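The values are calculated or read from the model by the stated rules, or taken from the named source; none is laboratory data. As the structure is a computational prediction, the values presented were derived from the model and not from experiment. Don't worry about glycine lacking a Cβ; one is built from the backbone with ideal geometry, like all the others, and counts go over all protein chains shown. Accessible surface is based on the protein model in full, side chains and every heavy atom, while ligands, DNA and RNA are left aside. Shrake-Rupley method; radii C 1.70, N 1.55, O 1.52, S 1.80 Å.
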Amino acid sequence: MIREFVLAAFIMGVGLCMSGMATHLYQWVFRQQAMLRLDGRNALGALGHLVMSFVCGPYIMLQFGWRHEEGGALSMTSMLVSALVAFGWAFITGLMFMSVYVAVIH
């Protein structure tokens, strides 16, 4: 059972690393903040934002958890919920990237 747990943690780590890398690459290339959005000038732009939101989503969700409230304090509930969503999403993203890696390399 520990083997499956380590594999799941590895896949989540891959997903989080790929998400962070894609977020910073997107922000560097396009010179705009990466956010979860579906808008675009045309259908192709909207599709590009959808793909970016899917790949960069775990990293963006982790950033949502660190937002301050009115008094300057961090909300523990917001941090826990965003971390839960981000790590679950990172597992899916990591599984997608790992399956492409295995399919292409092996």
Exercise for the section: Return only the number of the condition from (1) open to solvent by 50 Å² or more (accessible area, probe 1.4 Å); (2) at pLDDT below 90; (3) farther than 23 Å from MET96 by Cα; (4) within 19 Å of the chain's Cα centre (by Cα) that GLY65 does not satisfy. Expected result: (1)
Completion exercise
The lone condition ALA86 fails out of (1) more than 10 Å from the chain's Cα centre (by Cα); (2) part of a helix (DSSP H, G or I); (3) not basic (Lys, Arg) is (1)
Practice task
Within segment 22-48, count every residue that is outside any helix (DSSP H, G or I) and either out of contact with any Ser or Thr (no Cβ under 6 Å at 6 or more places or on another chain) or open to solvent by less than 40 Å² (accessible area, probe 1.4 Å) (or both).
Solution key: 11
Problem - Residues satisfying the stated conditions in segment 18-29, i.e. closer than 22 Å to MET96 by Cβ and without any contact (Cβ under 8 Å) to a residue 40 or more places away in the chain - result: GLY20, MET21, ALA22, THR23, HIS24, LEU25, TYR26, GLN27, VAL29
Practice task
Could you please tell me which pairs satisfy a Cβ distance under 8 Å, a separation of 6+ or placement on different chains, a first residue in segment 57-86 that is closer than 20 Å to GLN27 by Cα, and a second residue that is surrounded by 15 or more Cβ atoms within 10 Å (Cβ to Cβ) and of a type in the set (Phe, Trp, Tyr)?
Solution key: GLY57/TRP89; PRO58/PHE87; PRO58/TRP89; MET61/TRP89; ALA86/TYR59
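Residues are listed down the side, and each one gets a yes or a no for (1) aromatic (Phe, Trp, Tyr); (2) surrounded by fewer than 16 Cβ atoms within 10 Å (Cβ to Cβ):
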{"position": "SER75", "(1), (2)": "no, yes"}
{"position": "SER78", "(1), (2)": "no, yes"}
{"position": "ALA90", "(1), (2)": "no, no"}
{"position": "PHE97", "(1), (2)": "yes, no"}
Practice task
Take the residues in segment 1-21 that are open to solvent by 80 Å² or more (accessible area, probe 1.4 Å) and not charged (D, E, K, R), then tell me which one is modelled with the lowest pLDDT.
Solution key: MET1
Practice task
Could you tell me whether any residue of segment 78-89 is among the polar types (S, T, N, Q), more than 16 Å from ILE11 (Cβ to Cβ) and in contact with a helix residue (DSSP H, G or I) (Cβ under 8 Å, 6 or more places away or on another chain)?
Solution key: yes
Fill in the blank from the handout: Within segment 1-59, the residues that are in contact with a helix residue (DSSP H, G or I) (Cβ under 7 Å, 6 or more places away or on another chain) and more than 25 Å from LEU80 (Cβ to Cβ) are TYR26, LEU38, ASP39, GLY40, MET52
